[in-house]
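The values are calculated or read from the model by the stated rules, or taken from the named source; none is laboratory data. Just so we're clear, the structure is a prediction, and the values are computed from it rather than from any experiment. Virtual Cβ from ideal backbone geometry, glycine too; neighbours counted across all protein chains shown. Side chains are part of the model used for accessible areas, which takes the heavy atoms of the whole protein and leaves out ligands, DNA and RNA. Shrake-Rupley method; radii C 1.70, N 1.55, O 1.52, S 1.80 Å.
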Amino acid sequence: MSRPVFAFAADDISALARALRGQLAACDHLPSHLEMLNMLARASGHRNFQHFRAVQHFRARAEGAEAPPMAVPAPAAAPVDDKRVERVARLFDPQGRLTRWPGKESWRALCLWALWSTLPAGETFTEREINARLNARHLFTDHALLRREMADRGMVWRTADGRAYRRIEQPPPAEARAVIRRLALRRPPPPATVSHETVVLALKKGPCLPLGRVSPNRGLGAES
């Protein structure tokens, strides 16, 4: 399968360099392939790489050229920092709710991927519905921040008026997958349930026998 090719140009290379340098200075780790794409897109005036790709797609259609496919590029493999994964996982309580918004950019991205993983795939939500889902997954009551960050980072799609949202299907970075797995392992198992058929069968057998050794000569419940 061929890789989609997007032309990239900047009207002011000096402004591009300044914007890119500022983003790199705020990043405390080596950016992944997808993160670099988002940085370049933002440096050229776009919200993120998803926005850049959509502009290229519709511009090609308007000019009558063959539009490049809208597939999301797979992020390049990157080494996983186990210490960072563990520290980010600690930001979530035992119920999987984010307790606070971290100050480090790399931690924020991992937290957002964990929240992204809780959104059902293929479903479209109203703003109120996605707010309710995000509120159920964090404790610092700022669903607008989380919703905006996920849209700006290309994790969720939204209409221009912000009335509809949908999760964008894509493979999370390696460290994000590690955080998602860590949180899944910490999640308590669902409580055991007794089926209706089991209860009916137990009632048909009658009351439980009292403790003690049953004597065949004295009947049920008698101890020798």
Subject >> Amide proton proximity set for A164, modelled H, under 5 Å, gap of 5+ >> reply: T159
Original post:
Under a 1.4 angstrom probe, counting protein chains only, how are S32, S117 ranked by accessible area, largest first?
Top reply: S117, S32
Original post:
Between T99 and A7, how many nm apart are label points set 7 Å from Cα along the C-beta direction?
Top reply: 5.2
Original post:
Can you give the accessible area of R186 in Å² (nearest 10), computed on protein heavy atoms with a 1.4 Å probe?
Top reply: 100
Original post:
With each label point set 7 Å from Cα along the Cα-Cβ vector, what nm distance links R181 and A121?
Top reply: 1.7
Subject >> Nonlocal amide H pairs with H138, under 5 Å, H built at 1.01 Å >> reply: L98
Original post:
Quick one: length gained pulling A164 to R18 fully straight, 0.36 nm per residue minus the C-alpha distance?
Top reply: 49.1 nm
**OP:** Please state, as a whole number in µm²/s, the translational diffusion coefficient that the Stokes-Einstein equation yields for the range 6-59 at 20 °C and 1.002 mPa s, with Rh defined as the Kirkwood radius across alpha carbon pairs.
**Re:** 187
**OP:** Write out the GluC sites (Glu not before Pro) in the range 122-164 meeting two conditions: DSSP loop, and at most 12 other Cβ atoms within 10 Å of their Cβ.
**Re:** E123
